[in-house]
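Nothing in this text is a laboratory measurement; each read-out follows from the coordinates by a stated rule. None of these values were measured; they are calculated from a predicted model. Cβ placement follows ideal geometry from the backbone for every residue including glycine, while neighbour counts extend to all protein chains displayed.
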Amino acid sequence: MVVIRHAARFGSPPSLSNLTHDDRIESSVSGASPTVVVVGAINVDLVVVAPRLPGPGETVVGGGLQTYGGGKGANAAVAAARAGATVHLIGAVGGDDTGIAALAELRAAGVDVSDVAVLAGESTGVALIVVDGRGENQIAVGAGANAAVPVDHIRQCLRSLLPTAGCVLVSTEIPAAAVAVAVEEAFTARVRCILNPAPVLPVVVELLARGPILTPNGSELSDLAMLVGDAIGSATADAQRIAAMTHHPVVVTQGGDGVLVVTADGVVQLVPAPPVEVRDTTGAGDTFNGVLAARLAMGDDLATAVPVAVVAASLSVTEVGARGGMPTAAQIDAAMS
Ligand code: RIB
């Protein structure tokens, strides 16, 4: 564990040169290591299950408070570890009891947290979540330490971990400069990079030329399409336009409708999701991304990895809490067969 006191705030994002996609990234990942490096946020989730989600200014009364581990980075790290990968998480928690507990929970889940910075004077990230009777959610995040994760720390950790990594997974609940350095380092090291643009930050557009595999949901895809020009309106057309810019597949998660995969040359495939009883959709995208990263790191190609990740994400929504229903490798295998 790295302990950083009086941690410096971010400077400007590193400037991005005009490098374009390098096919050597693809060739270098064959025979990949089953090690996933996740760069992203770590939260504690405070969850209330209520009959419906509140509107603006409205109070809705639900059941008792439930507390779970959360954060898109930490959730995906747990999903990848349960799927059988060796997982290193890079991020930050505060120097508070919540941060210590979050790290203990991640360790118990098999995630290596020795590269998580503990920032004295910062509070650990918190997400306030309401889940309705259909399993849909509403989330407000207090970023806390996630907003202060030092860029130099991320760079140093990645330089030490990337030589043995099979896949890097980056999500965007951390500052733009942190996202940029993670994608840049993966590109330089020629390690396959999944970029989950949740939420969509303008820096994602700057990083398209670095060839990440993007994994937006439907609304994130529209936001991204808007940032690169006018949204065309159809998910397929938007994904094709963005895949033509990354020269890599765009994988659009569509909840119960499954996943849309658009390859770099515009070929479209829909991978359906199995029907399940939905209790809580929180963390379904994180499960998808974590398992996708794990399977790619283990050597699967995308066509093999995506259906596995879809099944894992479907299983994840059957329990309350972002990590509650995340399956183990054995549970995924059982569901696949
Ligand atoms: O994707 C779900 C996650 O988003 C929650 O765990 C919450 O912490 C927010 O980061």
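Pick from the stretch 189-209 the residues that are part of a helix (DSSP H, G or I) and aliphatic (A, V, I, L, M): which of them is nearest to the chain's Cα centre (by Cα)?
Only one residue fits best here, namely VAL204.
Any residue in the stretch 113-125 that is more than 15 Å from the ligand (Cβ to nearest atom), free of Cβ contacts under 8 Å to residues at least 40 places away in the same chain and not basic (Lys, Arg)?
no
Sort out which residues of the stretch 115-137 are within 30 Å of GLU277 (Cβ to Cβ) and among the hydrophobic types (A, V, I, L, M, F, W, C), and write them in order of number.
VAL126, ALA127, LEU128, ILE129, VAL130, VAL131
Give me the residue from the stretch 75-110 that is surrounded by fewer than 24 Cβ atoms within 10 Å (Cβ to Cβ) and not small (Gly, Ala, Ser) and, out of that set, nearest to ILE332 (Cα to Cα).
Selected residue: THR86.
Tell me, please, whether a residue that is under 25 Å from GLY73 (Cβ atoms), surrounded by fewer than 18 Cβ atoms within 10 Å (Cβ to Cβ) and of a type in the set (A, V, I, L, M) can be found in the stretch 277-284. Don't jump to the end; show me each part of the working.
As a first pass, look at the stretch 277-284 and keep what is under 25 Å from GLY73 (Cβ atoms): 278-284.
Now restrict to residues that are surrounded by fewer than 18 Cβ atoms within 10 Å (Cβ to Cβ): 278.
Those left that are additionally of a type in the set (A, V, I, L, M): 278.
Yes, the conditions are met somewhere in the stretch 277-284.
For HIS88, which of the numbered conditions (1) farther than 18 Å from ILE174 by Cα; (2) in a strand (DSSP E or B) fails to hold?
(1)
Only one of (1) over 25 Å from TYR68 (Cβ atoms); (2) assigned to a strand (DSSP E or B) fails for VAL170. Which number is that?
Every condition holds for VAL170 apart from (1).
Listed residues ALA186, ALA180; which is in contact with a strand residue (DSSP E or B) (Cβ under 6 Å, 6 or more places away or on another chain), more than 30 Å from ASP280 (Cα to Cα) and buried (at least 23 other Cβ atoms within 10 Å of the Cβ)?
Numbers: ALA180 fails: in contact with a strand residue (DSSP E or B) (Cβ under 6 Å, 6 or more places away or on another chain).
None of the other options fit; the residue is ALA186.
Across the stretch 126-178, what is the number of residues that are of a type in the set (S, T, N, Q), within 16 Å of the ligand (Cβ to nearest atom) and farther than 20 Å from LEU195 by Cβ?
Here the count works out to 2.
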